[in-house]
Structure formats: C-alpha cells, structure tokens
Amino acid sequence: TKEFSEVELLRTAISAADGNLPGPGGGSQDKALLVPALVSAIKDKKFFLVLDDLWDVDAWNKHLMTPFSYGGPGSRVLITTRHDTVARSMKAFHPYHHVDKLAPQDARSLLKKQVCT
C-alpha cells in the first residue's frame with residue numbers, strides 16, 4: 001500500500017511465519033525487538049513471500065530485505081506493482097510479466113462469473 005506502519009508490517013510478517021511476537025503478551029512495538037524475532041521465525045526456512053500492490057521499495061529495502069535474507073535456500077519473493085521503477089529497484093528477474101487492464105467486457109464477464117457462482 002502507499003502508507004504502512006513498519007511495526008505492523010514486521011508484526012504481521014512474524015505472525016504469518018508462526019513466530020513469537022516479543023514483549024509482554026507479544027505486544028512489543030519496538031522495531032529493535034521485532035527484527036530479530038522475524039529473523040528467528042524464518043531463519044533457514046524456505047518461504048514464499050508475496051508483496052501485493054507495492055507502491056514503493058521502502059517496505060522491502062528498509063524493513064524486510066535484511067530479515068528475509070536469513071531464509072532458507074529456494075525461498076522466493078513475488079511482488080505485484082503498477083510501477084516499473086519499483087520492480088527494477090527490487091532487481092526483478094526476467095521474465096517479469098506485464099498485465100494489461102481488463103477490457104470492460106472482460107471485467108463484467110469475470111464479475112458475473114464470481115457473482116453467479
């Protein structure tokens with residue numbers, strides 16, 4: 001998203017990795033405690049991380065890249081973004097896929113299939 005909380009981003013990643021949130025009752029808001037907790041949760045584990053609708057590389061570069069570098073071999077990060085500069089900044093590998101907007105009739109058809117199912 002355009003705006004995010006670095007603490008909530010780290011807390012969400014720790015929870016998604018079945019890690020232990022630090023602090024009394026897991027309520028720490030301290031980034032200095034959350035980063036090592038995330039590293040501990042994913043260290044040497046294979047993961048598939050999806051960062052959907054990334055508007056800026058700050059979420060990755062400043063908060064997630066270092067902890068996720070401790071993941072196991074074969075780990076992957078998939079991003080979706082509307083901005084080529086974001087993909088290039090994250091050193092996206094070819095082939096990366098450009099997805100065009102749906103034509104209005106295709107969008108209606110897709111919506112109709114979802115509603116009528």
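I'd like to know if segment 84-99 contains one or more residues that are at positive phi and among the acidic types (Asp, Glu). Scanning segment 84-99, I find no residue that is at positive phi and among the acidic types (Asp, Glu), so the answer is no.
Out of segment 16-52, which residues are closer than 20 Å to residue 79 by Cα and assigned to a helix (DSSP H, G or I)?
Let us first name the residues in segment 16-52 that are closer than 20 Å to residue 79 by Cα, namely 16-17, 38, 42, 45-52.
The answer is 16, 38, 42.
For residues that are surrounded by 10 or more Cβ atoms within 10 Å (Cβ to Cβ) and among the hydroxyl-bearing types (Ser, Thr, Tyr), scanning just segment 73-117, find the one that is modelled with the lowest pLDDT. My answer is 96.
Counting only residues that are farther than 19 Å from residue 10 by Cβ and either assigned to a helix (DSSP H, G or I) or acidic (Asp, Glu) (or both), how many does segment 54-96 have?
The qualifying residues number 6.
Evaluation of residue 54 against the conditions (1) free of Cβ contacts under 8 Å to residues at least 24 places away in the same chain; (2) open to solvent by less than 40 Å² (accessible area, probe 1.4 Å) shows that the sole unmet condition is (1).
Taking into account only those residues within segment 1-15 that are free of Cβ contacts under 8 Å to residues at least 40 places away in the same chain and assigned to a loop (DSSP other than H, G, I, E, B), which is most open to solvent (accessible area, probe 1.4 Å)?
Residues of segment 1-15 free of Cβ contacts under 8 Å to residues at least 40 places away in the same chain: 3, 5, 7-8, 11-12, 14-15.
Remaining after also requiring assigned to a loop (DSSP other than H, G, I, E, B): 3, 5.
Numbers: 3: 162, 5: 56 Å².
The selected residue is 3.
The single condition among (1) touching a Phe, Trp or Tyr at 6+ places or on another chain (Cβ under 9 Å); (2) at pLDDT 85 or above that residue 55 does not meet is (1).
Can you go through 34, 64, 38 and tell me which one is under 22 Å from residue 89 (Cα atoms) and either open to solvent by less than 50 Å² (accessible area, probe 1.4 Å) or in contact with a strand residue (DSSP E or B) (Cβ under 6 Å, 6 or more places away or on another chain) (or both)? First the steps, then the outcome.
Values: 34 fails: under 22 Å from residue 89 (Cα atoms); 38 fails: under 22 Å from residue 89 (Cα atoms).
Result: 64 is the single residue among 34, 64, 38 that is under 22 Å from residue 89 (Cα atoms) and either open to solvent by less than 50 Å² (accessible area, probe 1.4 Å) or in contact with a strand residue (DSSP E or B) (Cβ under 6 Å, 6 or more places away or on another chain) (or both).
The values are calculated or read from the model by the stated rules, or taken from the named source; none is laboratory data. None of these values were measured; they are calculated from a predicted model. Note that each Cβ is placed from the backbone with ideal geometry, even for glycine, and that neighbours are counted across all protein chains shown. Surface areas here come from the heavy atoms of the whole protein model, side chains and all, with no ligands, DNA or RNA. Shrake-Rupley method; radii C 1.70, N 1.55, O 1.52, S 1.80 Å.
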